[in-house]
Amino acid sequence: MATKVLTLVGSLRNGSTNAQLAEATSHHAPEGVEVSVFSGLETIPFYNEDLDVEGTVPAAAQSLRDAAGDADALILVTPEYNGTMPAVLKNAIDWLSRPFGAGAVSGLPTVVVGTAFGQYGGVWAQDEARKALNIAGAKVLEDVKLAIPNSVVRFAELHPKDDVEVAEQVAGVLKAIKEIAEAN
Ligand SMILES: Cc1cc2nc3c(=O)[nH]c(=O)nc-3n(C[C@H](O)[C@H](O)[C@H](O)COP(=O)(O)O)c2cc1C
């Protein structure tokens, strides 16, 4: 059976280089790996324990939980906003972290990658995302990293899926995910 990988993208804008990187990941998925990109992160309300009541969880949040629950692994593709991850991704992690100890992300092999304009490619955002995911109970693959600098310049003319170096890098990420997911 195929390894199902769910991807969450931290940028909501049209033409997002991170959304393009997620497309590249899907495009270069090796045989036996299915990559889907979750759509609708922006429709999920800010996490609120008053809303997180069994039976009346907001549909968009439930849909995220169901998608993560159905996945064998998770990839977060994040830009860096002011030195950390965008709020939309932190909100997704919060929803996936509850119920405490049994959230949809609990034990799920998870990788954080991304591209940002700065020279380090958003490593602060990625480190913060890994920290939050670890606390949320995900099985974070700490050694599987991909941070691509100069996002909007690097990918101004060339889509990441057509960039040979990126193609190799995302294939490596997916290979590592497949091995861990199969052993999980
Ligand atoms: C609100 C905001 C804050 C940003 N802060 C950072 C930052 O701290 N570090 C960085 O490298 N780039 C920063 N950037 C630039 C983004 O990394 C860059 O625009 C990136 O391409 C956004 O991702 P996207 O192309 O997927 O939308 C920031 C951009 C915005 C809009």
(message) Please report the equivalent ellipsoid semi-axes of the chain, computed as sqrt(5 x eigenvalue) of the Cα gyration tensor, largest first, in whole Å.
(response) 25, 19, 14
(message) With angles folded into 0 to 90 degrees, how steeply does helix 123-136 sit against the dominant principal axis of the chain? Use alpha carbons for both and round to 10.
(response) 30 degrees
(request) Using 0.36 nm per residue of separation minus the Cα-Cα distance, give me the extension gain between Gln62 and Leu12 in nm, one decimal. (result) 16.0 nm
(request) Just rank Val112, Val164, Val105, fewest to most, by other beta-carbon atoms within 10 angstrom. (result) Val164, Val105, Val112
(request) Report the net charge of residues surrounding Glu179, where surrounding means a beta-carbon distance below 13 angstrom and charges are Lys +1, Arg +1, Asp -1, Glu -1. (result) 0
(request) Would you mind checking the tilt of helix 164-183 against the longest principal axis of the Cα atoms of the chain, expressed as 0 to 90 degrees and rounded to 10? (result) 40 degrees
(request) Sort the following peptides by mean Cβ neighbour count (other Cβ atoms within 10 Å, averaged over residues), highest first: 35-48, 91-104. (result) 91-104, 35-48
(request) Using a Gaussian network model of the chain whose springs link C-alpha atoms within less than 10 Å, name the residue from Ala136, Ala73, Ala87 with the highest mean-square fluctuation. (result) Ala87
(request) Pairs of Cα atoms under 8 Å, at least six residues apart: use those to get the relative contact order of segment 1-154, whole percent. (result) 24 percent
(request) Report, in deg cm²/dmol and to the nearest 500, the calculated mean residue ellipticity at 222 nm for the chain, where each DSSP H run with n ≥ 4 adds -39500 (n - 2.57) and the sum is divided by the residue count. (result) -12000 deg cm²/dmol
(request) Set Lys and Arg Cβ to +1 and Asp and Glu Cβ to -1, take the dipole of segment 81-184 about its Cα centre, and tell me which of Gly83, Ile177, Ala104 lies farthest positive. (result) Ala104
(request) Order by neighbour count: Tyr81, Tyr120, fewest other Cβ atoms within 10 Å first, most last. (result) Tyr120, Tyr81
(request) Given the peptides 20-27, 1-8, arrange them by the average over their residues of other C-beta atoms within 10 Å, most packed first. (result) 20-27, 1-8
(request) Report, in degrees rounded to the nearest 10, the 0 to 90 angle that the Cα long axis of helix 17-27 makes with the longest principal axis of the chain. (result) 90 degrees
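Values quoted throughout were computed directly from the atomic coordinates according to the rules given, and no laboratory measurement underlies them. Here the structure is a predicted model, which means the values were calculated and not measured. Because the Cβ atoms are built from the backbone with ideal geometry, glycine has one as well, and the counts that use them run over all protein chains shown.
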